[in-house]
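J.: One structure, as structure tokens, below. Some questions next.
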Amino acid sequence: MPLARRGKSTHVVKEVAFGTRQFCSRGTEIPAVRFVGYQTFAILTQPPLTRATPRGMAEFNHFRFDAATRRLRVPNAPRDRRSETVAIPERDSRLARAEGDVMIVGGSAAGLFTAAKVAQGGRKVRVLESKPGFEPASRTLIVTDHFRNQLGIAAKESIINEIRRFELFTDGRSAQVALNKPDLIIERSRLISALARDAQKAGATLDFDTRFLGLAPNGHGLRVQVESGGRREELHADSLVGADGATSRVARASGWPPIETVPLMQAIVRLPKDCPPDTTRVWFVPDDTPYFYWLVPESPERGALGIIGEDGRDTKRCIERFLQKKNMEPLEWQGARIPVYKKWIPVRRRIGNGEVFLVGDAAAQVKVSTVGGIVTGFRGALGVAEAILRNGNSGELSALRRELGTHWLIRRTLHHFQQKDYSHLVDLLNSAARQSLGEINRDESTRLLWQVVRRQPRLVLLGLRGLLMGSATKV
């Protein structure tokens with residue numbers, strides 16, 4: 001164990017700072033939140049009497065660092081007492097990982113949210129974005145009010161409308177669900193811009209025109225190969241986060257298997273005069289899609305009519321036919337490939353002395369019942385940030401796994417419904433069941449499912465029928 005030499009000064013330590021936290025000194029036992037070791041730790045004295053030295057050694061006067069308790073002790077020594085020799089332990093590999101650089105590949109919503117949370121925890125964060133700047137494609141999204149709780153003030157900038165009612169249609173039948181707390185219509189490009197500013201404000205660095213190529217272990221963490229401005233470079237990080245979408249390069253380079261995706265298509269249309277701007281409409285047409293069509297108002301004048309399908313060409317034909325049937329003209333088109341959640345994807349892998357994580361679409365953190373991924377992607381990002389900052393521990397990831405599992409159960413139930421099954425479902429939605437649907441949002445799926453079934457027990461039989469129909473063909 002290296003030792004600090006006996007000092008020649010008789011000054012008394014006045015103040016000690018580790019990272020950004022300061023502690024009063026003399027005569028007290030000081031909790032050391034983290035021992036940074038070499039490079040970034042600072043000992044503030046009056047007058048200065050310490051200096052950082054290689055491999056974690058330093059010269060201290062009138063205090064010692066206890067490696068067993070990770071506390072600093074400042075003895076009540078007389079002013080003229082010379083400093084004593086203090087043993088400073090070299091930082092272990094676990095602590096080194098807890099303080100190393102974090103690199104995030106992909107300026108997605110989940111990636112930027114991860115960057116902000118990790119940077120707020122005191123770590124050095126660098127986001128690599130392959131595009132020359134943030135020019136995210138426009139896409140109208142609908143999220144629950146839980147989005148506000150996650151983002152706080154930053155949520156306001158991306159919200160363009162609020163939804164207070166759902167109308168469900170199938171084969172001439174309909175049902176209405178009034179929401180206690182409104183759903184939110186957000187614009188994806190605005191959201192990305194707001195998240196980027198939050199990440200930078202927290203201290204994260206954004207590198208544009210930087211494409212991830214591959215990774216390999218090194219002695220301390222990971223070597224990350226990138227192409228930046230047409231030139232290949234090698235970067236280094238202790239932790240790497242793949243936030244680069246459903247076809248994640250980071251996931252493939254780290255050994256995760258590919259994930260299945262389905263096509264999402266939507267057309268921006270003029271809002272029909274009979275559709276209130278605070279009402280979302282949903283149509284169940286199982287001959288076209290095992291999912292559904294939707295019409296989400298952006299404003300009193302415009303809305304997004306969309307569909308989730310299973311095959312790209314068929315999906316395009318179906319939405320064009322549906323637009324004609326509803327006498328709507330597409331003003332513009334939007335689309336994406338959405339990951340299909342089938343089972344929990346472990347989000348953490350060790351590669352040498354480094355760690356690789358996945359967040360958002362890269363880990364299929366999508367509610368497969370409705371294919372919504374913003375709120376669940378943020379939950380995954382928060383969980384990964386917790387795991388990075390707490391050496392692998394995250395209660396949020398465990399809770400997210402349960403939530404996604406419930407949505408998978410709902411999707412398995414609905415995926416093989418026929419028209420008559422949806423008609424029966426709408427008929428069974430009595431006032432008590434509709435009240436539960438309005439009181440509890442779909443980001444609390446287990447509680448929502450339990451309350452709806454409790455208020456309409458006959459839904460259990462319909463659900464069991466759906467599960468049996470799909471038992472031979474898994475979703």
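J.: Basic (Lys, Arg) and closer than 24 Å to Ile142 by Cβ, is that true of Arg190?
T.: Taking the combined requirement at face value, the residue satisfies it.
J.: Checking Leu404 against (1) over 13 Å from the mean Cα position of the chain (by Cα); (2) at pLDDT 95 or above; (3) in a loop (DSSP other than H, G, I, E, B), only one condition comes out false. Which one?
T.: Going through the list (1) over 13 Å from the mean Cα position of the chain (by Cα); (2) at pLDDT 95 or above; (3) in a loop (DSSP other than H, G, I, E, B), Leu404 breaks only (3).
J.: If Gly377 satisfies every condition in (1) assigned to a loop (DSSP other than H, G, I, E, B); (2) in the same structural domain as Ala115 (by TED's automatic domain parsing) but one, which is the exception?
T.: Checking Gly377 against (1) assigned to a loop (DSSP other than H, G, I, E, B); (2) in the same structural domain as Ala115 (by TED's automatic domain parsing), the one that fails is (1).
J.: Examine the stretch 308-320 for a residue that is touching a residue at least 60 places away in the same chain (Cβ under 8 Å) and buried (at least 20 other Cβ atoms within 10 Å of the Cβ), and state whether such a residue exists.
T.: Within the stretch 308-320, one or more residues are touching a residue at least 60 places away in the same chain (Cβ under 8 Å) and buried (at least 20 other Cβ atoms within 10 Å of the Cβ).
J.: Of the conditions (1) within 22 Å of the chain's Cα centre (by Cα); (2) over 14 Å from Val125 (Cβ atoms), His220 satisfies every one except a single condition; which number is it?
T.: (1)
J.: Among the residues that make up the stretch 325-334, is at least one of them surrounded by fewer than 17 Cβ atoms within 10 Å (Cβ to Cβ), in contact (Cβ under 8 Å) with a residue 40 or more places away in the chain, part of a strand (DSSP E or B) and assigned by TED's automatic domain parsing to the domain that holds Ile388?
T.: yes
J.: Something else now. Which residues, counting only those in the stretch 175-194, are over 17 Å from Gly303 (Cβ atoms), among the β-branched types (Val, Ile, Thr) and not in a helix (DSSP H, G or I)?
T.: Val177, the sole residue that qualifies.
J.: With the condition kept exactly as written, say whether any residue in the stretch 238-254 is over 28 Å from the mean Cα position of the chain (by Cα) and farther than 21 Å from Asp183 by Cβ.
T.: For the stretch 238-254, residues over 28 Å from the mean Cα position of the chain (by Cα) and farther than 21 Å from Asp183 by Cβ: absent.
Per-residue answers, yes or no, for (1) part of a strand (DSSP E or B); (2) farther than 30 Å from Ile104 by Cβ; (3) touching a Leu at 6+ places or on another chain (Cβ under 9 Å):
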{"residue": "Trp256", "(1), (2), (3)": "no, no, yes"}
{"residue": "Leu264", "(1), (2), (3)": "yes, no, no"}
{"residue": "Thr289", "(1), (2), (3)": "no, yes, no"}
{"residue": "Arg313", "(1), (2), (3)": "no, yes, no"}
{"residue": "Glu320", "(1), (2), (3)": "no, yes, no"}
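Let's see how each residue does on (1) at pLDDT 95 or above; (2) in contact with a Phe, Trp or Tyr (Cβ under 8 Å, 6 or more places away or on another chain):
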position	(1), (2)
Arg302	yes, no
Gly309	no, yes
Gly312	no, no
Glu320	yes, no
Lys325	yes, no
Met328	yes, no
Gln334	no, no
Arg337	no, no
Val347	yes, yes
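J.: Does the stretch 182-198 hold any residues that are modelled with pLDDT of 95 or more and in contact with a Lys or Arg (Cβ under 9 Å, 6 or more places away or on another chain), and which are they?
T.: Pro182, Asp183, Leu184
J.: For the subset of the stretch 373-389 comprising residues that are in contact (Cβ under 8 Å) with a residue 60 or more places away in the chain and closer than 17 Å to Asp101 by Cβ, which member is surrounded by the most Cβ atoms within 10 Å (Cβ to Cβ)?
T.: Among those residues, the one meeting the criterion is Val384.
J.: Conditions first: (1) under 30 Å from Ile351 (Cα atoms); (2) surrounded by fewer than 16 Cβ atoms within 10 Å (Cβ to Cβ). Lys201 passes all but one, so which condition is the exception?
T.: (1)
J.: Which members of the stretch 357-372 meet the condition of being surrounded by fewer than 24 Cβ atoms within 10 Å (Cβ to Cβ) and among the β-branched types (Val, Ile, Thr)?
T.: Thr370, Val371
J.: For Ser158, state whether it is crowded, with 18+ Cβ neighbours inside 10 Å and without any contact (Cβ under 8 Å) to a residue 40 or more places away in the chain.
T.: yes
J.: Among Asp443, Asp421, Asp427, which is part of a helix (DSSP H, G or I), acidic (Asp, Glu), buried (at least 16 other Cβ atoms within 10 Å of the Cβ) and outside the structural domain of Val375 (by TED's automatic domain parsing)?
T.: When all the criteria are applied, what remains is Asp421.
J.: Looking at (1) at pLDDT 95 or above; (2) in a loop (DSSP other than H, G, I, E, B), which is the one condition that is false for Gly219?
T.: (1)
J.: To continue, here is another question. Testing Val426 on (1) out of contact with any helix residue (DSSP H, G or I) (no Cβ under 9 Å at 6 or more places or on another chain); (2) over 20 Å from Arg165 (Cα atoms), one condition comes back false. Which one is that?
T.: It is condition (2) that Val426 fails.
The values are calculated or read from the model by the stated rules, or taken from the named source; none is laboratory data. This structure is a prediction, so every number in the text was calculated from the model and none was measured. Cβ: placed from backbone, ideal geometry, glycine included. Neighbour counts: every protein chain shown.
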